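Reading through the structure tokens given below for one structure.
The values are calculated or read from the model by the stated rules, or taken from the named source; none is laboratory data. What you see is a predicted model, and the numbers here were worked out from it, not measured in a lab. Cβ placement follows ideal geometry from the backbone for every residue including glycine, while neighbour counts extend to all protein chains displayed. In case anyone asks, the SASA skips ligands and DNA or RNA and just uses the protein heavy atoms, side chains included. Shrake-Rupley method; radii C 1.70, N 1.55, O 1.52, S 1.80 Å.
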Amino acid sequence: MNSVNKGVGKVEVTLKWDPSPAGVPDHDLDIIAAVYQADDPHGAPAYLVHFGSRSPDGTITLNRDSRTGQGFGFDEAMTLELNRLSPAYARVVVGVAIQQSGGRRTFSDITNALVLVKEGYQELDSYDFTDLGNATAVTVVEFLRAGTGGWGWRRAVRGFDADPQSFTELMGTEPT
């Protein structure tokens with residue numbers, strides 16, 4: 001886990017990708033955060049934050065949501081105020097899912113996709129999805145509450161072949 005001693009406080013996860021070619025249904029990628037209870041960090045999520053939602057306490061918010069990837073720079077952005085998150089929660093997993101409404105799409109169908117994790121102006125991590133091939137969803141980063149109460153993070157890239165709903169049920173499970 002990185003930055004355990006210093007901890008991270010307010011983090012932003014951003015996502016970009018190229019729009020689909022003309023005549024092809026839009027590629028719709030979504031950032032999803034799953035928050036887990038301290039007493040069950042690998043169980044069912046206490047709650048999810050994704051398009052059209054925010055955390056009940058306002059600590060995790062999806063600020064921008066794109067359905068096409070059109071625009072300049074990063075098209076989706078999620079802010080996580082970990083330093084304000086209740087001590088009842090000890091783990092937050094952030095992932096990206098491809099909506100499947102226009103037919104099955106995988107990350108090999110998406111060009112120039114990139115997720116960026118940063119705190120303030122400091123880039124913590126970035127990931128470009130190029131090695132995911134047939135995955136339709138992926139976890140990218142995991143935030144863990146340290147014993148001191150501060151938050152650390154680690155890259156948690158793991159691909160899934162699942163629709164967005166199924167992905168939200170799988171994203172926090174331990175790798176087998």
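Computed quantities for the displayed model
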read-out: Residue within region 78-95 that is open to solvent by 40 Å² or more (accessible area, probe 1.4 Å), more than 20 Å from G7 (Cβ to Cβ) and of a type outside the set (S, T, N, Q) present; value: no
read-out: Lone qualifier among S166, S108 - being within 16 Å of the chain's Cα centre (by Cα) and hydroxyl-bearing (S, T, Y); value: S166
read-out: Looking only at region 162-172, and only at residues there that are surrounded by fewer than 17 Cβ atoms within 10 Å (Cβ to Cβ) and touching a residue at least 40 places away in the same chain (Cβ under 8 Å), the one that is farthest from T136 (Cα to Cα); value: E169
read-out: Region 77-96 residues that are at pLDDT 95 or above, paired with ones that are part of a loop (DSSP other than H, G, I, E, B) and buried (at least 24 other Cβ atoms within 10 Å of the Cβ) (beta carbon under 6 Å, 6 or more apart); value: V93/M171; G95/M171
read-out: Pick from region 62-76, criterion part of a loop (DSSP other than H, G, I, E, B) and open to solvent by 40 Å² or more (accessible area, probe 1.4 Å), ranking: modelled with the lowest pLDDT; value: R67
read-out: Sole exception among (1) over 16 Å from G95 (Cα atoms); (2) open to solvent by 10 Å² or more (accessible area, probe 1.4 Å); (3) in contact with a helix residue (DSSP H, G or I) (Cβ under 6 Å, 6 or more places away or on another chain) for L132, by number; value: (1)
read-out: Filter result (open to solvent by less than 50 Å² (accessible area, probe 1.4 Å), assigned to a strand (DSSP E or B) and of a type outside the set (A, V, I, L, M)) within region 105-123; value: E119
read-out: Looking only at region 138-151, and only at residues there that are in contact (Cβ under 8 Å) with a residue 60 or more places away in the chain and within 23 Å of P175 (Cα to Cα), the one that is farthest from the chain's Cα centre (by Cα); value: A146
